[in-house]
Amino acid sequence: MKIFSGTSNKPLAYKIAKTLGLKLSPLEVFIFSDGEKRVRILDKVLGEDTVVVQSTSSPTDENYMELFFIVDGLKRSGAKSITGVLPYFGYQRQDHVFREGEAVSAKVIAQILETVGISKLIAVELHSIKIKEVFSLPVVHLSALSLFAKTIKEKGWGKDCALVSPDMGGIRRIKLMSEMLNNMPFAVIEKNRDLASGEVFADKIQGEIKKTVIIVDDMISSGETIVVAAKLLKERGAQDIIVFATHPVFSKDAPKILQDSFVKSVYVTDTIFVPKNKQFPKLKVLSVAGMIAEAIR
Ligand code: R5P
């Protein structure tokens, strides 16, 4: 088996390869002066099973194009199979038509991935379990929830503690986490987002909250969902607010508003590489390399 990495999250790709006892195979990504990329596979892959790791986080379109070219290069070089590892699957939130006239971007991406020649997809914490249905090829859907539950147990958080989903869409996730943590009580915030402005509102919580609350979400983008949730939870009596979110998308000034918020710690994973300028004191990063390596084996 040969494993390749795009440029979006090389540290994670290295860790996955190392766990598998492999080295990353060489490839060249040359950027022309106008921004176009030329990709060249620099290893022999004829008849080989191959794996490509590429997080399609921001710059999403660029990272997707690079992935498409790598897959095409592998196919033209005679690879037997090509497994796409997309620790973060860009465009996953646009998985159905919310308003008349909208494109279903996740479906378009799935069709392109299949057309270029990906034979299997490994993804982590998809926004909705239904996203698998937009693909015809096999999709291995991994989750960081067990990693989060393990960390919560190790920290000894359990007594006088409740899990919180910051929106109704996270109910399935919060119920699973509760089961993993000996039926820890959970609550759900009724969040609304203005689809035009993106502004987040929340003023109702279903369920009981405790002194310590653990917010669980699939991703943090602008950070507004978490900041609004933390403010509401603080108003309702929570003292310690800890966040676990799989994907550190961190758009806009998310790092700053999270650092300045009522939240005590923000746990994320390395599905998306967090550069130095987006790191902040409250941030802790857990690794999904082990579970991805296990899924590749
Ligand atoms: C929403 O359905 C997701 O689960 C996240 O809560 C959301 O995408 C986070 O976005 P933001 O950080 O921009 O509020």
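The values are calculated or read from the model by the stated rules, or taken from the named source; none is laboratory data. Predicted, not measured: the structure shown is a model, and the values here were computed from it. Cβ atoms come from the backbone with ideal geometry, glycine included; neighbour counts cover every protein chain shown. Remember, those area values only see protein heavy atoms, side chains included, never the ligands or the DNA or RNA. Shrake-Rupley method; radii C 1.70, N 1.55, O 1.52, S 1.80 Å.
How much length, in nm to one decimal, is gained on full extension between SER77 and SER251, taken as 0.36 nm per residue of separation minus their Cα-Cα distance?
59.0 nm
Tell me, what HN-Hα J-couplings in whole Hz come from the Karplus equation 6.51 cos²θ - 1.76 cosθ + 1.60 at θ = phi - 60° for each residue of the range 223-238, using x for Gly and Pro?
x, 5, 4, 5, 5, 5, 5, 5, 5, 5, 5, 5, 4, 8, x, 5
What percent does the relative contact order of the chain come to when contacts are Cα pairs within less than 8 Å and at least six residues apart?
Worked out over the chain, it gives 14 percent.
At q = 0.07, 0.10, 0.15 Å⁻¹, what is the log10 ratio I(q)/I(0) for the chain, with the Debye formula run over Cα points and no solvent?
After summing over all Cα pairs, the log10 values are -0.28, -0.56, -1.17.
Would you please state which residues of the range 47-67 a label at GLN111 would reach in this model, taking the label point 7 Å out along Cα→Cβ and a backbone N cut-off of under 15 Å?
No residue passes the distance filter.
Mind checking which of PHE250, PHE280, PHE30 has the largest fluctuation in a GNM of the chain, springs on alpha carbons under 10 Å?
For the chain, modelled as a Gaussian network with Cα springs under 10 Å, the answer is PHE30.
Return the sequence-ordered ³J(HN,Hα) values of the range 51-66 in whole Hz as given by the Karplus equation 6.51 cos²θ - 1.76 cosθ + 1.60 applied to θ = phi - 60°, using x for Gly and Pro.
Couplings: 10, 10, 9, 7, 7, 9, 8, 4, x, 3, 5, 4, 5, 5, 4, 4 Hz.
Please give the per residue accessible area of the chain, computed with a probe of 1.4 Å over protein heavy atoms only, in Å².
47 Å²
Using unit Cβ charges (K, R positive; D, E negative) and no other charged atoms, how large, in debye to the nearest 20, is the dipole of the chain about its Cα centre?
About 940 debye.
Just want the answer: with Cβ charges of +1 for Lys and Arg and -1 for Asp and Glu, which residue in LEU145, GLY156, MET184 is farthest toward the dipole's positive end in the range 145-287?
GLY156
Quick one: Cα convex hull volume of the range 40-88, Å³ per residue?
Measuring per residue, one finds 58 Å³ for the Cα hull of the range 40-88.
How long is the gain from LYS10 to ARG236 if the chain were fully straight, where each residue apart is worth 0.36 nm and the alpha carbon distance is subtracted?
Going from the current span to full extension adds 77.2 nm.
Probe radius 1.4 Å, ligands and nucleic acids ignored: give me the carbon and sulfur share of the accessible area of the chain as a rounded percent.
52 percent
With every protein chain kept in the model, how would you rank GLU62, GLU154 by accessible area, 1.4 Å probe, largest at the top?
GLU154, GLU62
Calculate for the chain the 222 nm mean residue ellipticity that helices alone would give, adding -39,500 (n - 2.57) per DSSP H run of length 4 or more and normalising by residue count, nearest 500 deg cm²/dmol.
About -8500 deg cm²/dmol.
Which parts of the range 80-117 would a label at LEU22 reach, counting a residue when its backbone N lies under 15 Å from a point 7 Å out along Cα-to-Cβ?
Answer for the range 80-117: 80-87.
Beyond a 24 Å Cα-Cα separation, which of these cross-linked pairs lie in this structure: LYS2/LYS120; LYS175/LYS282; LYS175/LYS234?
From LYS2/LYS120; LYS175/LYS282; LYS175/LYS234, over 24 Å: LYS175/LYS282.
Between LEU176, LEU195, LEU147, find the one with the highest GNM mean-square fluctuation for the chain; connect C-alpha pairs within less than 10 Å.
Fluctuation is largest for LEU195.
Excluding same-chain residues fewer than 8 positions from LYS276, which lysines have a Cα within less than 28 Å of its Cα?
LYS10, LYS15, LYS18, LYS23, LYS37, LYS150, LYS155, LYS231, LYS252, LYS256, LYS264, LYS284
From the square roots a ≥ b ≥ c of the eigenvalues of the alpha-carbon gyration tensor of the range 136-288, which class results: rounded (a/c under 1.5), prolate (a/b over b/c), or oblate?
rounded
Which stretch or stretches of the range 1-45 have amide N atoms under 20 Å from the point lying 7 Å from VAL285's Cα along the Cα→Cβ direction?
Under cut-off, by backbone N: 4-20, 24.
GNM, the chain, Cα, under 10 Å: largest mean-square fluctuation among SER143, SER105, SER55?
Residue with maximal mean-square fluctuation among SER143, SER105, SER55: SER105.
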